[in-house]
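Following: one structure in structure tokens, then a few remarks.
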Amino acid sequence: MAAHQDKKPSEERKHKSTQNDTRTSQVQWGRAWEVDWFSLASILLLLLFAPLITYYFIMSCDQYQCSLTDPLIDLLMRNKHLSDIWNRTPTLTYRAAGIYTIWVAFQVVLYVFIPDFCHKFLPGYVGGVQEGAVTPAGVVNKYEINGLQAWIITHVLWFANAYYFHFFSPTIIFDNWIPLLWCANILGYTVSTFAMIKGYFFPTNAKDCKFTGNFFYDYMMGIEFNPRIGKWFDFKLFFNGRPGIVAWTLINLSYAAKQQELYGQVTNSMILVNVLQGIYVLDFFWNEAWYLKTIDICHDHFGWYLGWGDCVWLPYLYTLQGLYLVYHPVQLGTANAIGILMLGLIGYYIFRMTNHQKDLFRRTNGNCKIWGKKPEYIECSYMSVDGTKYYSKLMTSGFWGWARHFNYTGDLMGSLAYCLTCGFEHILPYFYIVYMIILLTHRCIRDEHRCFSKYGKDWKRYTAAVPYRLIPGIF
């Protein structure tokens with residue numbers, strides 16, 4: 001459910017071998033082949049409670065001024081019944097359905113039918129047709145990388161409307177926020193269900209499908225590795241990058257417009273949220289080609305976890321800070337505002353430079369300088385399913401010598417900065433940092449389990465050289 005990114009710092013070369021290790025190869029890719037009771041219980045809890053959590057947070061802002069405890073108190077004290085809360089919840093409207101349909105259709109058009117032109121005039125930007133990683137079946141998919149272009153076109157049109165055309169109010173997203181939630185859920189469940197049916201009956205590549213025989217696990221984690229329609233519409237890249245992340249900055253802009261409408265000004269905390277989260281979104285699209293080598297694309301199958309998560313969870317729960325500030329405008333003191341800005345920028349710098357060091361090391365096969373010195377690394381080997389032996393270099397210097405997932409550390413610093421803009425009156429805005437800690441810690445454990453299965457004793461040598469996961473000296 002997240003657009004957060006990770007890729008091991010390695011450059012691989014292969015040598016022929018007569019050995020064959022099917023189990024190791026299977027562990028490397030994505031999801032399980034068999035489902036244990038704990039995994040099934042976790043899946044059922046997520047399927048049941050993730051939609052309820054999303055509704056509860058948005059409802060609490062709409063009806064209880066963003067208090068997470070007041071609805072529970074009302075219910076426990078029998079001041080209200082569930083039906084009272086539900087009856088006060090805005091329903092799906094034709095207006096919201098029209099807005100959402102136009103939005104998704106517009107993003108599909110930008111994604112499929114307009115080839116990227118930004119790479120032709122933006123120095124350093126990698127766009128246009130790019131190759132992804134090799135899939136378990138040996139397929140190398142091609143992608144049209146045009147997310148930055150889609151983001152620019154969308155926002156140019158947004159500001160043109162706000163300041164010139166006036167076809168709709170900039171507050172349109174906030175004003176239809178809960179009816180749009182029902183639209184997002186419809187799309188999320190529809191695309192997830194379609195992806196499962198497609199995996200059974202007409203997969204893009206049958207060799208890249210995984211079946212456990214457990215309906216709930218397969219629905220949640222996905223069957224197809226890279227479901228596609230036609231040559232260019234890739235489900236995983238589209239729903240990971242569009243429409244949720246393109247909408248992220250528009251949602252925040254709508255919150256800011258609503259604050260201006262209600263209070264006659266936009267607070268510095270709202271500006272900070274727009275700036276810091278805007279930097280993150282732009283970074284995602286600037287590095288969209290790099291994203292093709294991350295966990296989401298390289299290892300996850302496409303199911304409810306990505307389909308519903310990117311349609312609902314991401315746009316609704318990643319934007320809670322801006323939503324909260326509409327109901328509780330916070331004007332930060334100068335020192336606090338500067339401190340939060342610096343925390344967010346330093347977190348972004350760590351996140352970006354850590355990933356830059358990794359990419360530089362990979363692209364040059366270690367023939368580069370990190371912090372002015374030749375990088376240190378551990379050479380590891382593993383076996384593929386066809387008996388080919390590969391070698392990987394795992395970097396142990398630079399930021400990667402501080403912790404094995406130090407890019408996540410920078411990500412968490414930025415996430416904390418978003419939350420701190422909201423002050424300490426309510427806990428709702430801090431859900432994001434709690435969620436990110438759980439998500440990224442789980443990703444660390446999941447990725448390291450996969451790497452241990454892949455590299456064996458070599459992975460133990462690597463973890464001995466870099467003993468900490470996220471925080472040097474602590475964890």
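Please give the helix 406-420 orientation as an angle from the longest Cα principal axis of the chain, in degrees from 0 to 90, rounded to the nearest 10.
10
With +1 on each Lys and Arg Cβ and -1 on each Asp and Glu Cβ, and nothing else charged, work out how big the dipole of segment 90-331 is about its Cα centre, in Debye to the nearest 20.
260
Could you pull out every residue, at least 5 positions away or on a different chain, whose amide H is within less than 5 Å of the one on Leu332? Hs are placed 1.01 Å off N in the peptide plane, and Pro or chain starts have none.
It is Asn268, Ser269, by chain and number.
Rounded to the nearest 20 Debye, what is the dipole magnitude of segment 333-474 about its Cα centre when Lys and Arg each give +1 and Asp and Glu each give -1 at the C-beta?
Dipole about the Cα centre, nearest 20: 620 debye.
Provide the per-residue ³J(HN,Hα) series for segment 392-401, in order, calculated from phi with Karplus coefficients 6.51, -1.76, 1.60 and θ = phi - 60°, each as a whole number of Hz, with x at glycine and proline positions.
Those phi angles translate into 10, 9, 10, 6, 10, 10, x, 4, 6, x Hz.
Evaluate the distance, in nm, between pseudo-label points positioned 7 Å from the Cα of Thr193 and of Leu92 along their respective Cα→Cβ axes.
The modelled label-to-label distance comes out at 1.0 nm.
Of the cross-linked pairs Lys207/Lys236; Lys210/Lys236; Lys373/Lys460; Lys120/Lys374; Lys236/Lys393, which ones have a Cα-Cα span greater than 22 Å in the structure shown?
Result: Lys373/Lys460; Lys120/Lys374; Lys236/Lys393 exceed 22 Å.
Under 5 Å between amide hydrogens, which residues at least 5 positions from Thr396 or on another chain qualify, with H placed 1.01 Å from N in the peptide plane?
So Thr396 has HN proximity to Glu376, Tyr377, Ile378.
Please report the spacing between the Cα centers of segment 244-278 and segment 210-238 in Å, no decimals.
Segment 244-278 and segment 210-238 have Cα centres spaced 34 Å from each other.
Could you name the aspartates and glutamates in cross-link range of Lys80, using Cα to Cα under 17 Å and dropping any fewer than eight places away on the same chain?
Counting by Cα, and skipping residues close in sequence, Lys80 has these aspartates and glutamates nearby: Asp62, Asp70.
How large is Rg/Rh for the chain, to two decimals, with Cα atoms and a Kirkwood Rh?
0.96
How large is the helix-only mean residue ellipticity at 222 nm for the chain, computed as the sum of -39500 (n - 2.57) over DSSP H runs with n ≥ 4, divided by its residue count, in deg cm²/dmol to the nearest 500?
-18000 deg cm²/dmol
Going toward the positive end of the dipole of segment 90-331, with +1 on Lys and Arg Cβ and -1 on Asp and Glu Cβ, which of Ile251, Ala162, His301 do you reach last?
Sorting the options by dipole projection puts first His301.
Considering every Cα-Cα pair within segment 90-331, what fraction, in whole percent, is farther apart than 34 Å?
Beyond 34 Å sits 19 percent of the P(r) for segment 90-331.
Can you give the charge dipole size of the chain about its Cα centre, rounded to the nearest 20 debye, using +1 on the beta carbon of Lys and Arg and -1 on the beta carbon of Asp and Glu?
1480
Could you point to the residue in Thr354, Ala337, Ile437 farthest towards the positive end of segment 333-474's charge dipole, with +1 and -1 charges on the Cβ of Lys/Arg and Asp/Glu respectively?
Comparing the listed Cα positions along the dipole, Thr354 ranks first.
Under 5 Å between amide hydrogens, which residues at least 5 positions from Gly387 or on another chain qualify, with H placed 1.01 Å from N in the peptide plane?
So Gly387 has HN proximity to Asp21.
Taking the Cβ-Cβ separation of Ile73 and Asn367 as r and a Förster radius of 51 Å, what is the calculated FRET efficiency to the nearest 0.05?
Once rounded, the FRET efficiency stands at 0.25.
Can you spot the lysines whose alpha carbon is less than 16 Å from Lys389's alpha carbon? Ignore those fewer than 8 places along the same chain.
Lys389 reaches Lys14, Lys16, Lys454, Lys457.
What ³J(HN,Hα) values, in whole Hz, does the Karplus curve 6.51 cos²θ - 1.76 cosθ + 1.60 give for segment 143-153 when θ = phi - 60°, with x put for Gly and Pro?
Couplings: 10, 8, 8, 9, x, 4, 4, 4, 4, 5, 4 Hz.
What is the extension gain from His155 to Phe202, computed as 0.36 nm multiplied by their sequence separation minus the C-alpha to C-alpha distance, in nm to one decimal?
13.3 nm
Name the residue from Ala97, Ile378, Gln321 whose Cα lies farthest towards the positive end of the charge dipole of the chain, charges +1 on Cβ of Lys and Arg and -1 on Cβ of Asp and Glu.
Ile378
What's the long-distance tail for segment 76-198, i.e. % of Cα pairs beyond 27 Å?
In whole percent, the long-distance tail amounts to 43.
Tell me, what does the Kirkwood hydrodynamic radius of segment 333-474 come to in angstroms if you use every pair of distinct C-alpha atoms?
Kirkwood radius, segment 333-474: 16.8 Å.
Using alpha carbons only, how many degrees (0 to 90, rounded to 10) separate the axis of helix 94-112 from the longest principal axis of the chain?
Roughly 30 degrees, rounded to the nearest 10.
What number comes out for accessible area per residue over segment 333-474 if the probe is 1.4 Å? Units Å², please.
45
Highest first, please rank the peptides 236-247, 51-62, 67-78 by the mean number of other Cβ atoms sitting within 10 Å of their residues.
Per-residue mean Cβ counts within 10 Å order the peptides as 236-247, 51-62, 67-78.
Give me a comma-separated list of calculated 3J(HN,Hα) values for segment 218-223, in order, Karplus coefficients 6.51, -1.76, 1.60 applied at θ = phi - 60°, integers in Hz, x for any Gly or Pro.
For segment 218-223, the Karplus curve yields 5, 5, 5, 8, x, 9 Hz.
Shape of segment 282-363 from its Cα gyration tensor (a ≥ b ≥ c, root eigenvalues): rounded if a/c is under 1.5, otherwise prolate when a/b > b/c, or oblate?
Oblate shape, in that a/c is at least 1.5 and b/c is the bigger or equal ratio.
The values are calculated or read from the model by the stated rules, or taken from the named source; none is laboratory data. Since this is a predicted model, take the numbers as computed values, not measurements. As a convention, Cβ positions derive from the backbone with ideal geometry for all residues, glycine included, and neighbour counts pool all protein chains shown. These area figures cover heavy atoms from the full protein model, side chains too; ligands, DNA and RNA do not enter into them. Shrake-Rupley method; radii C 1.70, N 1.55, O 1.52, S 1.80 Å.
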